[in-house]
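Trainee: Sharing a structure below in structure tokens format, with a few things to ask.
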Amino acid sequence: MIISANNITKYFGEEKVLSDVSIQINNNEKYAITGSNGTGKSTLLKILINELSPDEGEVNKAKNIRIGYLAQYIDNSSKDTILSTVINARQDLILMENKLSDLEKNMTDKKSFESHEKLLKEFQDKGGLYYKSLAHSVLKGLGFFEDEMNKTLDVLSGGELTRVFLARILVEDNDLLILDEPINHLDINAISYLENFLSSYNKPLIIVAHDRYFLDKVVDHVLDLNTSPARTYKGNYTSFISQKENILLTNEREVEKQNKEISHQKEVIEKLQSFNREKSIKRAESRLKVLDKMDVVDKIIDNTSDIRLYFEASNRSGDDVLSVNELSCIYDDGKIFENVSFELKRLDRAALLGDNGTGKSTILKMITGNKDKTSGTIKLGTNVDIGYYDQAQMNLSDDNTIFQEIHNMYPDMNNTKVRNSLAALGFVQDDVNKLIKSLSGGEKGRVSLCKLMLSDANFLILDEPTNHLDMESKDILEKALIEYEGTLLFVSHDRYFVNKVATKVLELTDNGINEYLGNYDYYIEKKDTINNKYTFTSKEVEVKDKGSKEDWKKQKEVAAKKNKLKREFNQIENQIEKLEEELEKLDNELLNPDNATNSAKLNELTNNKNEINLELEPLYERWEELSQEI
């Protein structure tokens with residue numbers, strides 16, 4: 001055990017931020033702490049490092065443990081340089097280095113020579129020969145150029161300071177890393193560097209981060225603060241989501257089943273008591289004792305977002321949805337992009353990726369008619385109806401209330417449907433009267449998603465749809481888009497989102513579009529094997545990238561198998577429900593006074609009940625198997 005927190009509870013005033021939270025970190029384990037805003041993630045980290053004290057519970061640590069802690073916000077006005085700050089993280093090696101130098105100057109006998117050799121070996125074992133080059137390497141990996149490393153800390157921005165102290169912590173000789181939002185100020189290259197560093201890091205880690213792709217690559221445990229009680233899951237983020245869904249589903253069914261059983265038993269007890277006969281009353285008392293001793297299944301309280309999102313295409317488009325040919329955009333100050341050509345077919349879910357400033361959002365605006373092109377053609381297919389999500393939220397009117405924003409867009413929709421639609425996205429009661437200009441970025445995003453949800457468009461074009469959304473809202477949006485029976489084109493920097501949703505990646509380069517027929521993982525895998533300067537047409541991709549089609553076929557096969565399992569799952573649930581209803585009817589007949597003296601009837605009812613129970617047993621087992629498989 002490296003560190004553990006047992007039954008931690010913390011209040012801020014009257015508000016309970018943490019309730020009975022426990023966590024134990026062992027050697028080499030890497031934990032993510034997840035939860036909605038306000039669930040106490042940063043508070044728990046501060047308790048672990050003794051910056052805050054819990055109101056209840058205790059923290060235990062291994063003896064002489066060295067913890068590297070990165071806070072979300074760092075303020076430092078030191079005159080030290082970036083490089084010296086990171087190198088000075090290894091004061092132990094600097095002191096040893098100085099001592100070695102002194103020994104070398106005064107090495108006069110065998111004893112001093114042996115002391116020098118012993119210290120030199122320790123110095124080498126602890127990384128003394130490369131700690132300075134490691135400092136350079138980590139700083140470069142986190143986005144600092146060589147000529148920036150002599151800047152002093154007092155001239156740096158908050159984001160730059162965070163990167164400096166992250167580098168310092170990575171260079172330090174710690175037993176445990178605790179990192180609070182370390183990637184907030186990193187670009188995609190720096191995030192990839194940190195992913196690789198932490199994936200190969202052979203010591204324990206506790207991290208809070210909102211990049212789910214990053215967490216998938218780095219962690220092997222997840223502590224979820226959204227449920228009460230908090231629960232630990234073994235595996236990465238994707239595994240956690242799957243396990244949590246199964247646990248909540250199983251718990252919901254167990255609670256429902258037990259409540260039904262309790263309700264049924266109470267009805268039977270009342271019925272027996274109503275007979276007002278000594279034998280019936282004794283039977284009722286016996287059943288009551290069994291009921292009192294029943295182990296109650298507690299419902300798991302889940303505090304994740306209750307947003308319910310769905311997209312429907314009211315009309316079916318033609319199979320050819322979009323054709324873009326030799327598109328270019330040139331501003332007064334020079335070329336933005338050129339030679340952009342690609343096609344989308346019905347049900348394609350394409351992610352448009354590329355470096356910042358390459359023109360991804362501009363292409364979306366051209367397709368939607370919100371920006372003129374310099375040259376080239378854009379052709380929409382038959383019956384294509386576009387729904388557009390703008391990352392800048394330019395489609396919202398600041399002076400409208402939330403209710404007015406939706407009602408003005410859909411004037412024929414009655415007030416109840418407007419309110420119900422907004423409630424599905426978390427805007428309830430007086431929330432709908434808030435002005436658009438008073439909303440946070442995440443709230444504006446949800447209003448835009450509501451407008452899009454009601455559009456019934458069969459071709460959705462989304463520009464950074466996950467910006468400002470919390471992790472739970474992103475999960476909900478992903479599920480809605482995966483189930484959407486229309487065509488999708490989107491721009492996103494959220495790699496997990498791209499990986500989950502995309503079936504095609506369009507990479508925008510200086511020479512046009514490179515096309516990859518798969519998700520983000522496939523794109524990364526194939527990117528290094530393809531000459532990025534070569535522009536692929538759809539036919540060339542078909543010939544040169546047969547492997548990607550095979551991968552896509554496999555994805556379709558998996559999806560078909562999952563749908564088949566879901567159908568069987570629903571059928572079994574219906575069978576179980578019907579059989580349980582039959583059991584309930586048989587129980588009522590067994591208690592019917594008219595049957596009490598009819599032994600033949602009672603035997604028949606009992607036999608029927610036994611047969612149904614025998615039929616139910618394998619159905620329950622198969623239901624559980626399907627739940628896990630799905």
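Trainee: Out of (1) among the aliphatic types (A, V, I, L, M); (2) touching a Ser or Thr at 6+ places or on another chain (Cβ under 7 Å); (3) in a strand (DSSP E or B); (4) closer than 30 Å to Glu483 by Cα, what's the single condition that is false for Leu249?
Mentor: All conditions are met except number (3).
Trainee: Please verify whether Ile47 is of a type outside the set (Gly, Ala, Ser), assigned by TED's automatic domain parsing to the domain that holds Lys217 and assigned to a strand (DSSP E or B), treating the condition exactly as stated.
Mentor: no
Trainee: If only one of Lys41, Lys30, Lys16 is of a type in the set (D, E, K, R) and modelled with pLDDT of 95 or more, which one is it?
Mentor: Lys30
Trainee: In this structure, does Ser157 turn out to be under 29 Å from Gly127 (Cα atoms), without any contact (Cβ under 8 Å) to a residue 12 or more places away in the chain and not aliphatic (A, V, I, L, M)?
Mentor: no
Trainee: Here's a follow-up. Every residue in region 122-154 that is under 16 Å from Asn189 (Cβ atoms), part of a helix (DSSP H, G or I) and either touching a strand residue (DSSP E or B) at 6+ places or on another chain (Cβ under 6 Å) or touching a residue at least 24 places away in the same chain (Cβ under 8 Å) (or both), please.
Mentor: Val138, Leu139, Gly141, Glu148
Trainee: State which residue is modelled with the lowest pLDDT when the search covers only region 254-306 and only residues that are touching a helix residue (DSSP H, G or I) at 6+ places or on another chain (Cβ under 7 Å) and of a type in the set (D, E, K, R).
Mentor: Arg283
Trainee: Still on this model: I'm checking my understanding of the structure. Among residues of region 330-352 that are hydrophobic (A, V, I, L, M, F, W, C) and surrounded by fewer than 19 Cβ atoms within 10 Å (Cβ to Cβ), which one is modelled with the lowest pLDDT?
Mentor: Ile336
Trainee: Which residues, counting only those in region 471-505, are in a helix (DSSP H, G or I) and either of a type in the set (Phe, Trp, Tyr) or outside the structural domain of Gly426 (by TED's automatic domain parsing) (or both)?
Mentor: Tyr496, Phe497
Trainee: Can you name every residue in region 139-169 that is among the polar types (S, T, N, Q) and surrounded by fewer than 13 Cβ atoms within 10 Å (Cβ to Cβ)?
Mentor: Asn150, Ser157
Trainee: Name the residues in region 567-586 that are of a type in the set (S, T, N, Q) and either surrounded by 12 or more Cβ atoms within 10 Å (Cβ to Cβ) or farther than 29 Å from Lys271 by Cα (or both), would you?
Mentor: Asn570, Gln571, Gln575
Trainee: Determine, yes or no, whether Asp102 is in a helix (DSSP H, G or I) and not aromatic (Phe, Trp, Tyr).
Mentor: yes
Trainee: In region 65-108, which residue that is basic (Lys, Arg) and in contact (Cβ under 8 Å) with a residue 40 or more places away in the chain is nearest to Thr162 (Cα to Cα)?
Mentor: Top of the filtered list is Lys79.
Trainee: Filter region 447-470 for residues that are charged (D, E, K, R) and in a helix (DSSP H, G or I) and give the result.
Mentor: Listed by number, the list holds a single entry, Lys451.
The values are calculated or read from the model by the stated rules, or taken from the named source; none is laboratory data. Note that the structure is a prediction, hence the values are computed from the model and not measured. Heads up, the Cβs are rebuilt from the backbone with ideal geometry, glycines too, and the neighbour counts pull from every protein chain shown.
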